[in-house]
Amino acid sequence: MVQPFQTPIRTDRLHLIPATIEMLKSEQGDRQALSTLLRAYVPGAWPPPLLDEETLSSFILMIEEERDPYFTCWYWIRDDRSKGRRTLIGSGGIASSPVSGDSIVIGYSVLEEYRCLGYATEAVKGLIPGIFSLIGIEQIIATTYPDMIASIRVLEKNGFMNAGEVARGEGIEEGTLLYLLKKPDIQI
């Protein structure tokens, strides 16, 4: 099985690097190796919230065991070309939806120092066209906690619509807010 995205994605300020097994494993204890693989500075504050050891191990298993044909995660590199500096500032990924076969789930996390500067909005915007290019994908799902106002703004700025609170037994974390982005109808 091949991950759907194998080439980096460039936005105005970011370089989104698809994670490899080697990168993910180096993140588990060899910060210098991760820095070398990404060709970027890895801040001492790495990893961002929600990217804990359990989540990282789960990502590695998903790729190794080929559990999900859509699973891909990216390292977000702030590419400051004027200063010749590349810095790891966040990460994000996609996976198959546990609820619907025509949907992809997206998630992301940014180091605190780089929040509220538009990086997450820019990265998600950069991922959307590629996600909708996947055959059979008609919508993107995101969940966030009601108190994560910045995350909600990222979704809203990218056209996601609030679909309410997730109820128990829906296959997505209970108590989160569900946001949906439908594939645009393209008229020819």
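The values are calculated or read from the model by the stated rules, or taken from the named source; none is laboratory data. The shown structure was predicted, so the numbers you read here are calculated from the model rather than taken from an experiment. All Cβ positions, even for glycine, are placed from backbone atoms using ideal geometry, and neighbour counts span all protein chains on display. These accessible areas exclude ligands, DNA and RNA; they are computed on the full protein's heavy atoms, side chains included. Shrake-Rupley method; radii C 1.70, N 1.55, O 1.52, S 1.80 Å.
Could you please state how large a percent of the accessible area of the chain is carbon and sulfur, counting protein chains only and using a 1.4 Å probe? Here it works out to 53 percent.
Using only the Cα atoms of the stretch 27-92, each taken as one equal point scatterer with no solvent, compute I(q) by the Debye sum, divide by I(0), and report log10 of the ratio at q = 0.19 Å⁻¹. For the stretch 27-92 at q = 0.19 Å⁻¹, log10 I(q)/I(0) is -0.80. Between the beta carbons of SER57 and ASN162, assuming R0 = 35 Å, the FRET efficiency works out to 0.65 to the nearest 0.05. Here THR36 and GLU66 are evaluated by their C-beta separation; at R0 = 22 Å the FRET efficiency comes out at 0.25. What separates the Cα centres of the stretch 109-152 and the stretch 36-105 is a distance of 12 Å. Across the chain, the mean sequence separation of Cα contacts (distance under 8 Å, 6 or more residues apart), normalised by length, yields a relative contact order of 18 percent. If only the Cβ of Lys and Arg carry +1 and only the Cβ of Asp and Glu carry -1, the dipole of the chain around its Cα centre is close to 960 debye.
The long axis of helix 119-132 is offset from the longest Cα principal axis of the chain by roughly 60 degrees.
A 1.4 Å probe run over the stretch 1-146, with the rest of the protein chains in place, finds 49 Å² accessible per residue.
In terms of its C-alpha gyration tensor, the stretch 51-188 comes out rounded, because the ratio a/c of the largest to the smallest axis stays below 1.5. With R₀ set to 35 Å, the beta-carbon distance separating GLN28 from SER96 gives a calculated FRET efficiency near 0.90. Remark: the Cα gyration tensor places the stretch 63-124 in the prolate category, a/c being 1.5 or greater and a/b exceeding b/c.
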